[in-house]
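Notes follow the structure.
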Amino acid sequence: MKYKVTLNKKVYEVEVEAGEAMLVDEYEAKAPVASAPAAPVAAPVAAAAPAAAPAAAPAAGLAAGEVVKSPMPGNILKIQCAVGQKVNEGDSLIILEAMKMENDVVASKSGTVAQIVVTKGQVVETGSPLVVIA
């Protein structure tokens, strides 16, 4: 496979085969590299706005109590509690997959599950509300 890598305004063409890299060509970067950062800056801003809106919507409708938030971005694999269930501090509430690892999200206090904000298969960001404990 061939790759083009730009480093310190120089473009390096690198060919990689079976774990070995070989430099194919090296040349100075031209004007398109300078204008390239301007276009991607606009794209993430537009992409970030829709992602933030759904996270803000559930926050307004949260039940009263302590909110257990996602410690990292990931995928909800399993919900291990139900609304109305009594939980103790340290009990596993949610199984969150992040980077192919299953992580337990545990209750931060003892109480009753007042609301489950997420659904199985949902993708969440760091700090997203998962469960409310009253």
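Which of the residues spanning the stretch 93-113 are over 14 Å from M72 (Cβ atoms) and open to solvent by less than 40 Å² (accessible area, probe 1.4 Å)? Hits for the stretch 93-113 are L93, A107, G111, V113. Residues that are surrounded by 15 or more Cβ atoms within 10 Å (Cβ to Cβ) and part of a strand (DSSP E or B) within the stretch 62-76 comprise V67, V68, K69, G74, I76, listed in sequence order. Being modelled with pLDDT of 90 or more and exposed (fewer than 13 other Cβ atoms within 10 Å of the Cβ) is true of K86.
Of everything listed in (1) at pLDDT below 50; (2) open to solvent by 60 Å² or more (accessible area, probe 1.4 Å), the single unmet condition for P58 is (2).
Take A36 and tell me if it is surrounded by 11 or more Cβ atoms within 10 Å (Cβ to Cβ) and modelled with pLDDT of 90 or more. For A36, the condition - surrounded by 11 or more Cβ atoms within 10 Å (Cβ to Cβ) and modelled with pLDDT of 90 or more - is not met.
Please specify each residue of the stretch 112-133 satisfying the condition of being small (G, A, S) and on the phi < 0 side of the Ramachandran plot. Across the stretch 112-133, the qualifying residues are A114, S128.
Close contacts from the stretch 67-83, counting a first residue that is at pLDDT 90 or above and a second that is of a type in the set (K, R) and open to solvent by less than 70 Å² (accessible area, probe 1.4 Å), with Cβ to Cβ under 6 Å and a gap of 6+ residues or different chains, come to none at all. Condition first: under 13 Å from the mean Cα position of the chain (by Cα), touching a residue at least 40 places away in the same chain (Cβ under 8 Å) and assigned to a loop (DSSP other than H, G, I, E, B). Can you find one or more residues in the stretch 94-111 that meet it? No, the conditions are met nowhere in the stretch 94-111.
The values are calculated or read from the model by the stated rules, or taken from the named source; none is laboratory data. Quick caveat: nothing in here was measured; it's all calculated off a predicted structure. Cβ: placed from backbone, ideal geometry, glycine included. Neighbour counts: every protein chain shown. Side chains are part of the model used for accessible areas, which takes the heavy atoms of the whole protein and leaves out ligands, DNA and RNA. Shrake-Rupley method; radii C 1.70, N 1.55, O 1.52, S 1.80 Å.
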